[in-house]
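One structure is given here, and the rest of the page talks about it.
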Amino acid sequence: MIKVYRNTKCRPYKYAYYVLVFLGIFSVQALKAQRISVRQERGEYSYKSKDSFSSYEIKYKGKITLTQDEKGIASISSGGYFKVSKTTFGNKRAIVIESNSSGELDYIYYSGRAKAEFSEEGKAWLADIMLDVVRKTGLGAEKRVSRLYDEGGAKTVLNEISEIESTSVKTIYFENLLALSRLANNEIGLIAEKIGYSISSSSQKGKLYRKYANRFLQVESAIPAFFEGVSRISSSSEIGNVLRSIIKNNKLSVATLTFLLKATRNISSGSERGSVLRTVNESFVNNETFIDAYFSSLDQINSSSEKGNVLRDLLQKNTLNASTMEKVLSSTGKISSSSEQGAVLRKAIEKGIHNDQEVQTQFFEAVNRMTSSSEKGVVLRNMLTQTTLTNESAILLFNAIKSIPSSSEMGNTLRKTFHLLNKNDKVDEVFFSTVKKISSYSEKANVLVALINENNLSTNIIIQLLEASQSISSSSEKARILIKLSDMIPNSDSEVKEAYKRAAKTISSDSEYRRVMEAVY
């Protein structure tokens, strides 16, 4: 074991101590403290980096060609130059290469602060740092990518990209790789996947996926990897930009659209996801797999307004089959805002609720989830004017009306349902059981009086109406109903007359009772 004594007077040990401390403590921190600056302006490229160990400064201008072995500069266009300096532990070296009037290269080499002959030492130093230079700046990327591809295909280029730190330089390499016409189909998907993993910048990643989307989408086997890569973009707005661009600029198959919809689940912003889904609405298809992916994404949107906007847009732009309409109504029921639910349901009514029992059942399930009495009443009344209901749906309608807390909303809606009566005994029975649920005796009376005004009431309807009147506690309101009905009683059969008497006997006021009986006899 080697011991290093801090207070020793021996200089070598003293220096050894500081070197060990420096290497042991500061090496990791040095990497973390690295500062990089890149600037490109007026045709001049400038790169600077610095950490606790070393610093780099690279500048160049003009068209620069590397040597065949990529360890030096082969040519620089007129007026151009190449400068690089590197300092390591205080030891600085630099080189300036310029193109003279004859097109030849002039070299100025510095060792420390002094100029030195550009000899074997300088050539060796330049050769040693050139790999760093090209990886840091992207210099000569086009030819490097082509050469690397010829050596070992896309995998060799991708391995080189993994050695590059700068996102912008990685992007340059990916662009040059994707520009190669000789890429094999199995390499396209590999590149799409690698972009998703190796590019950290959302904007750079989005730029690549937008620019080369058509190339990725032309290869069926690459499509899953492409959308998996898009899903790895952390910025919601950038994912949205990519996906909207894909839809607008490409003719997509159902399978491709389904992959795209799965990618939308990684968009955390409700407005961005909604925007993409509204764009998808323009290419919507009644396909089961596609629809499952669509509503799986839609139902994860937390914003009621955004979800409502998407559903209304879908209904406006498309003719939906019964199965899809069920999904729309089911999704509507999951919206927390009654006003948004109502807006979507009214649009669904406008487009036409299919004469399909499953669809109508789903419609009433959505209505039953609404918490606003007024909104629920508006939707049901709107539906009654535009939709033909089955008997089963009519029963669901009255059950929905029962759940409305407001007596006035219940009454207003029930007065729109009279055309459903006298067709089915069960429907008639549920109608009157709903009337009995109205808590306001005046509203209950108003509904029954309005029904009497319809005339042509069957014996069964009259008897049930009289029975319903008995649930009204107000003698005056009960009398109003019976007197209104009195013209029909004399010519009615005995069953109706007995029902009238039973209802009259429930009137607690003697004067109102006399008025009711005198109206008949």
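The values are calculated or read from the model by the stated rules, or taken from the named source; none is laboratory data. The structure presented is a predicted model; accordingly, all values stated were derived computationally and were not measured. No Cβ is skipped: glycine too gets one built from the backbone with ideal geometry, and neighbour counts run over all protein chains shown. Just the protein is used for accessible areas: all its heavy atoms, side chains included, with ligands, DNA and RNA removed. Shrake-Rupley method; radii C 1.70, N 1.55, O 1.52, S 1.80 Å.
What translational D, rounded to a whole number of µm²/s, comes out for region 344-497 from Stokes-Einstein when the hydrodynamic radius is the Kirkwood one over Cα pairs, at 20 °C and 1.002 mPa s?
Details: Rh = 16.1 Å.
D = 133 µm²/s.
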| task | Calculate, axis by axis, the spread of Cα positions in region 238-290 along the three principal axes, and write the results as whole Å, longest axis first. | result | 26, 22, 15
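With the radius of gyration and the Kirkwood radius both derived from the Cα set of region 205-277, what is their ratio Rg to Rh? Don't jump to the answer; show the numbers that get you there.
Working: Rg = 10.8 Å, Rh = 11.9 Å.
Radius of gyration over Kirkwood radius for region 205-277 works out to 0.91.
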| Can you give the Rg to Rh ratio of the chain, both from alpha-carbon atoms, with Rh computed by the Kirkwood formula? | 1.33
| remark: Residues meeting the amide H criterion for Lys92 (H placed from the backbone, H to H distance under 5 Å, 5 or more places apart or on another chain) are Gly112
| Which listed pairs, of Lys170/Lys207; Lys170/Lys248; Lys426/Lys484; Lys123/Lys170; Lys59/Lys136, have C-alpha distances above 22 Å, in listed order | Lys170/Lys248; Lys426/Lys484; Lys123/Lys170
| task | Using a 1.4 angstrom probe on heavy atoms only, work out the carbon and sulfur share of the accessible area of the chain in %. | result | 45 percent
| remark: Lys and Arg at +1, Asp and Glu at -1: neighbours of Thr264 with Cβ under 11 Å from its Cβ sum to +3
| request: Grab the other residues whose beta carbon is less than 10 angstrom from that of Gly308, score K and R as +1, D and E as -1, and report the net. | output: 0
| Which of rounded, prolate, oblate describes region 428-477, given a ≥ b ≥ c as roots of the alpha-carbon gyration tensor eigenvalues and a/c under 1.5 marking rounded, otherwise prolate only if a/b is larger than b/c? | prolate
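Which net charge results when you count Lys and Arg as +1 and Asp and Glu as -1 among the other residues whose beta-carbon is under 14 Å from that of Glu163? Kindly include the intermediate steps, with their values, before the conclusion.
Details: positive: Arg135, Lys136, Arg144, Lys155, Lys170, Lys194; negative: Glu70, Asp132, Glu160, Glu165.
Around Glu163, the charge tally is +2.
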| GluC sites (Glu not before Pro), loop per DSSP, at most 14 other Cβ atoms within 10 Å - longest free stretch of the chain | 166-453
| Radius of gyration and Dmax for region 373-435's Cα atoms, expressed in Å? | 10.6, 29
| query | For region 278-369, how big is the tail of P(r) above 20 Å, as a whole percent of Cα pairs? | reply | 25 percent
| note | Kirkwood Rh for region 75-231 from C-alpha pairs, in Å, is 17.7 Å
| note | Residue-ordered couplings for region 242-248, obtained by feeding phi - 60° into the Karplus form 6.51 cos²θ - 1.76 cosθ + 1.60 and rounding to whole Hz (Gly and Pro as x), are 5, 5, 5, 4, 4, 5, 6
| message | Distance cut-off 29 Å, Cα to Cα: go down the list Lys50/Lys115; Lys83/Lys194; Lys262/Lys376 and report the pairs above it. | response | Lys83/Lys194; Lys262/Lys376
| message | If you average the alpha carbon positions of region 377-435 and of region 180-244, how far apart do those two centres end up, in angstrom? | response | 54 Å
